[in-house]
Amino acid sequence: MAFVNEIISDEDRRKYGLDELDSSQAMRGSSPQRNWTIDHERDIYLRNIGRGREEFSHTSTWHFYWHSELMMVCLEIADSGGDSKKGGHHWVRYQLVDCYKKGFFIPEHLLDRRDEIIAALKSALSKYTEGGVYSPSNFGSYETTLAI
């Protein structure tokens, strides 16, 4: 199965402990979304938990769950654009950045699987396009690039 954008079901909220996670001290000041990009078969999800405002509107913070490991991902939109006509090509280039100076988001014990994790993250971001379940449906094509 591939990644899909969907509203998080009550069953999945319980399965992944999202209500507890969302109400935790670590999430104070965050605004976690109630939708996600998920690959149910591979047990991987990407969920936006915060966006910057005003001069930081190009930044975002995400939870990336990969095979029982919850990681934090911080991204900046380095550039984006595309054809505004229906069916046109759109694109975005993300830059992975250090989350609050806490180090790289991949836990040390998974560094040997780094390429696999990054590939899954790129795939999830590509499916997310510009808004997950709320993405405009007028894209002819959409390209996502992730700079490490």
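For the reader, a short list of remarks on this structure follows.
- Pairs, first hydroxyl-bearing (S, T, Y) in region 75-95, second modelled with pLDDT of 85 or more and surrounded by 14 or more Cβ atoms within 10 Å (Cβ to Cβ), C-beta under 6 Å, six or more apart: S80/V92; Y94/L75; Y94/L146
Okay, residues lined up against (1) in contact (Cβ under 8 Å) with a residue 24 or more places away in the chain; (2) over 19 Å from S126 (Cα atoms); (3) surrounded by 16 or more Cβ atoms within 10 Å (Cβ to Cβ):
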{"position": "S9", "(1), (2), (3)": "no, yes, no"}
{"position": "S31", "(1), (2), (3)": "no, yes, no"}
{"position": "N48", "(1), (2), (3)": "yes, no, yes"}
{"position": "E54", "(1), (2), (3)": "no, yes, no"}
{"position": "S60", "(1), (2), (3)": "no, no, yes"}
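- Between W36, W66, the distinction of being more than 15 Å from F105 (Cβ to Cβ) and at pLDDT 90 or above belongs to W36 only.
- Matching residues, region 39-91, being touching a Leu at 6+ places or on another chain (Cβ under 7 Å) and outside any strand (DSSP E or B): none
- Options E116, E143; residue that is modelled with pLDDT of 80 or more, not basic (K, R) and not in a helix (DSSP H, G or I): E143
- When residues of region 111-135 are limited to those that are in contact (Cβ under 8 Å) with a residue 12 or more places away in the chain and among the hydrophobic types (A, V, I, L, M, F, W, C), the one surrounded by the most Cβ atoms within 10 Å (Cβ to Cβ): A124
- Looking only at region 87-102, residues that are surrounded by fewer than 15 Cβ atoms within 10 Å (Cβ to Cβ) and modelled with pLDDT under 75 come to 3 in all.
- The single condition from (1) of a type outside the set (S, T, Y); (2) under 17 Å from the mean Cα position of the chain (by Cα); (3) part of a helix (DSSP H, G or I) that E11 fails is (2).
The values are calculated or read from the model by the stated rules, or taken from the named source; none is laboratory data. This structure is a prediction, so every number in the text was calculated from the model and none was measured. Glycine gets a Cβ as well: all are built from the backbone with ideal geometry, and neighbour counts include every protein chain shown.
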